[in-house]
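Asker: The following block contains the structure, expressed as structure tokens.
The values are calculated or read from the model by the stated rules, or taken from the named source; none is laboratory data. Computed from a prediction, not measured in an experiment: that's the story for all the values here. For neighbour counting, all protein chains shown are included, and Cβ atoms are generated from backbone atoms with ideal geometry for every residue, glycine included.
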Amino acid sequence: MTAVETRALTRRYGSGKRGSGDEVPALREVDLTVERGEVYGLLGPNGAGKTTLCRILSTILLPTSGTARVMGHDVVRDADRVKSVIGIVFGGDRGLYARLSVRENLRFWAALYGLHGNDLRRRCDALLERMGLGDRAADRVDTLSRGMKQRLHLARGLVSDPPLLILDEPTVGMDPVAAQDFRVLVEALRADGRTVVLTTHDMAEAEAVCDRVSLVDRGRIVATRAPAEIGALISRYEQVDAVGVPARLAAALGDVPGVVSVRPLAQDRTRIETEHASATRTVLRLLVEADVTAISTGRPSLEEVYLHVIGQRGMAVER
């Protein structure tokens, strides 16, 4: 039995304009399979549909059409059973009671799952120690760092001992040390045999912890590959920013093989995006030969990769 399986899963929202009747698709016929014991990444920019997918899998949202099953249970017909086999971890301060202590927060959530008495105390104390929060158990939540709060979120997600965890942007806003600690915790969950579905817009995070990664773009899964393959796909693209590029040269750069786009920016800057190193070298040579010397190079953001590369060329879905 697979951990997660969706078929033609679609979710539409109203446009927000009263009486318009228009709907905006957030998910478009998503087919997804997550094996048990797998750490599976959903990688994409903000607005790609990652959180909508997680909310459907956790029964918070209903799909407009299509099906989704979690641990063999349909998210619509068997919502109570789905809730019993998942833990949900969101980033930030959502779901935390700031004026309560760490221990009080966790015991409250454990009670909601039906734990009580010695079982509740033992479960909470064990989770606090495992998450490195044992010595902060009596502290109020509003005194914790973001990394510590995220550890508490993870303890909350594990309080019912679920076989599947859904982590939605779990390291947003964390400093690098806290983010690395969190990744170590995810590796421990893998060692436990749990299934983890992780959403992120950070390629480094996906490469660090995931067995497979799906690229999500405007509600569709456009590719599913091993993290190293996704990383190689994205990292080969570069961008060159230059100041004072003549219009004729900008047009010529657009004709260079391997150049994805040439577009003007503010303050007389031009951005040239390339899809392989040889194109970047050609662009740099042409700029220097034209006496354009205010030049910088870098990697495009994930959003730019989607907009100028995946969005224009399309990619075959691989599973």
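Asker: Could you please find all residues in the range 98-130 being loosely packed, with under 13 Cβ neighbours inside 10 Å, out of contact with any strand residue (DSSP E or B) (no Cβ under 8 Å at 6 or more places or on another chain) and not in a helix (DSSP H, G or I)?
Answerer: Across the range 98-130, the qualifying residues are 114, 116.
Asker: Answer yes if at least one residue in the range 45-53 is in contact (Cβ under 8 Å) with a residue 40 or more places away in the chain and under 30 Å from residue 125 (Cα atoms), and no otherwise.
Answerer: No, the range 45-53 has no match at all.
Asker: A further question on this structure: Kindly indicate whether residue 241 is touching a Leu at 6+ places or on another chain (Cβ under 9 Å), over 25 Å from residue 158 (Cα atoms), of a type in the set (Asp, Glu) and surrounded by fewer than 21 Cβ atoms within 10 Å (Cβ to Cβ). So that I can check it myself, show each step before the final result.
Answerer: Numbers: touching a Leu at 6+ places or on another chain (Cβ under 9 Å): yes; over 25 Å from residue 158 (Cα atoms): yes; of a type in the set (Asp, Glu): yes; surrounded by fewer than 21 Cβ atoms within 10 Å (Cβ to Cβ): yes.
Spelling it out, residue 241 is indeed touching a Leu at 6+ places or on another chain (Cβ under 9 Å), over 25 Å from residue 158 (Cα atoms), of a type in the set (Asp, Glu) and surrounded by fewer than 21 Cβ atoms within 10 Å (Cβ to Cβ).
Asker: Of the residues 260, 222, which is outside the structural domain of residue 35 (by TED's automatic domain parsing) and touching a Phe, Trp or Tyr at 6+ places or on another chain (Cβ under 9 Å)?
Answerer: Residue meeting the stated conditions: 260.
Asker: Keeping to the range 57-77, report how many residues are closer than 20 Å to residue 194 by Cβ and surrounded by 17 or more Cβ atoms within 10 Å (Cβ to Cβ). First the steps, then the outcome.
Answerer: Step one: of the range 57-77, the residues closer than 20 Å to residue 194 by Cβ are 57-59, 68-73, 75.
Going one step further and asking which of them are surrounded by 17 or more Cβ atoms within 10 Å (Cβ to Cβ), we end up with 57-59, 68-71, 73, 75.
Total meeting the criteria: 9.
Asker: Continuing with the same structure: Quick check on my filter: what residues within the range 175-221 are under 16 Å from residue 44 (Cα atoms) and among the acidic types (Asp, Glu)?
Answerer: Within the range 175-221, 202, 205, 207, 217 qualify.
Asker: Hey, residue 161 hits all of (1) surrounded by fewer than 17 Cβ atoms within 10 Å (Cβ to Cβ); (2) farther than 30 Å from residue 69 by Cβ; (3) over 21 Å from the mean Cα position of the chain (by Cα) but one; which does it fall short on?
Answerer: Every listed condition holds for residue 161 apart from (2).
Asker: Does the range 231-238 contain any residue that is of a type in the set (D, E, K, R) and surrounded by fewer than 17 Cβ atoms within 10 Å (Cβ to Cβ)?
Answerer: So the first thing to find is which residues in the range 231-238 are of a type in the set (D, E, K, R), and the list is 236, 238.
From the residues that got through so far, the ones that are surrounded by fewer than 17 Cβ atoms within 10 Å (Cβ to Cβ) too are 236.
Yes, some residue in the range 231-238 is of a type in the set (D, E, K, R) and surrounded by fewer than 17 Cβ atoms within 10 Å (Cβ to Cβ).
Asker: Determine if the range 78-92 includes at least one residue that is over 25 Å from residue 127 (Cβ atoms) and without any contact (Cβ under 8 Å) to a residue 40 or more places away in the chain.
Answerer: Of the range 78-92, the ones over 25 Å from residue 127 (Cβ atoms) are 78-79.
Going one step further and asking which of them are without any contact (Cβ under 8 Å) to a residue 40 or more places away in the chain, we end up with 78-79.
There is at least one residue in the range 78-92 that is over 25 Å from residue 127 (Cβ atoms) and without any contact (Cβ under 8 Å) to a residue 40 or more places away in the chain.
Asker: Pick out, from the range 171-278, the strands (runs of 3 or more DSSP E) lying fully within it that include 2 or more residues that are among the polar types (S, T, N, Q). Outline the logic, then answer.
Answerer: Numbers: elements: 195-200, 212-217, 220-225, 238-243, 259-264, 269-274.
Of the strands (runs of 3 or more DSSP E) lying wholly inside the range 171-278, those with at least 2 residues that are among the polar types (S, T, N, Q) span 195-200, 269-274.
Asker: Can you name the condition, by its number, that residue 71 falls short on among (1) under 25 Å from residue 9 (Cβ atoms); (2) without any contact (Cβ under 8 Å) to a residue 60 or more places away in the chain; (3) not polar (S, T, N, Q)?
Answerer: Among (1) under 25 Å from residue 9 (Cβ atoms); (2) without any contact (Cβ under 8 Å) to a residue 60 or more places away in the chain; (3) not polar (S, T, N, Q), the lone unmet condition for residue 71 is (2).
Asker: Right, here's the next one. Every residue in the range 131-148 that is crowded, with 20+ Cβ neighbours inside 10 Å and at pLDDT 90 or above, please.
Answerer: 133, 136
Asker: Considering each of 200, 195 in turn, give the residue that is touching a residue at least 24 places away in the same chain (Cβ under 8 Å), crowded, with 23+ Cβ neighbours inside 10 Å and more than 14 Å from the chain's Cα centre (by Cα). Give the derivation first.
Answerer: Values: 200 fails: more than 14 Å from the chain's Cα centre (by Cα).
From the options 200, 195, the qualifying one is 195.
Asker: Condition (residue is part of a loop (DSSP other than H, G, I, E, B) and on the phi > 0 side of the Ramachandran plot) applied to the range 142-152: is it met by at least one residue? Write out each step before concluding.
Answerer: So the first thing to find is which residues in the range 142-152 are part of a loop (DSSP other than H, G, I, E, B), and the list is 144-145.
If we keep only those that are on the phi > 0 side of the Ramachandran plot as well, we get none.
No: zero hits.
Asker: On the given criteria, is residue 217 free of Cβ contacts under 8 Å to residues at least 60 places away in the same chain and of a type in the set (Asp, Glu)?
Answerer: Numbers: free of Cβ contacts under 8 Å to residues at least 60 places away in the same chain: no; of a type in the set (Asp, Glu): yes.
No: the conditions fail for residue 217.
For every residue, the table says whether it meets (1) modelled with pLDDT under 95; (2) loosely packed, with under 15 Cβ neighbours inside 10 Å.
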{"position": "263", "(1), (2)": "yes, yes"}
{"position": "268", "(1), (2)": "yes, yes"}
{"position": "271", "(1), (2)": "yes, no"}
{"position": "275", "(1), (2)": "yes, no"}
{"position": "278", "(1), (2)": "yes, yes"}
{"position": "282", "(1), (2)": "no, no"}
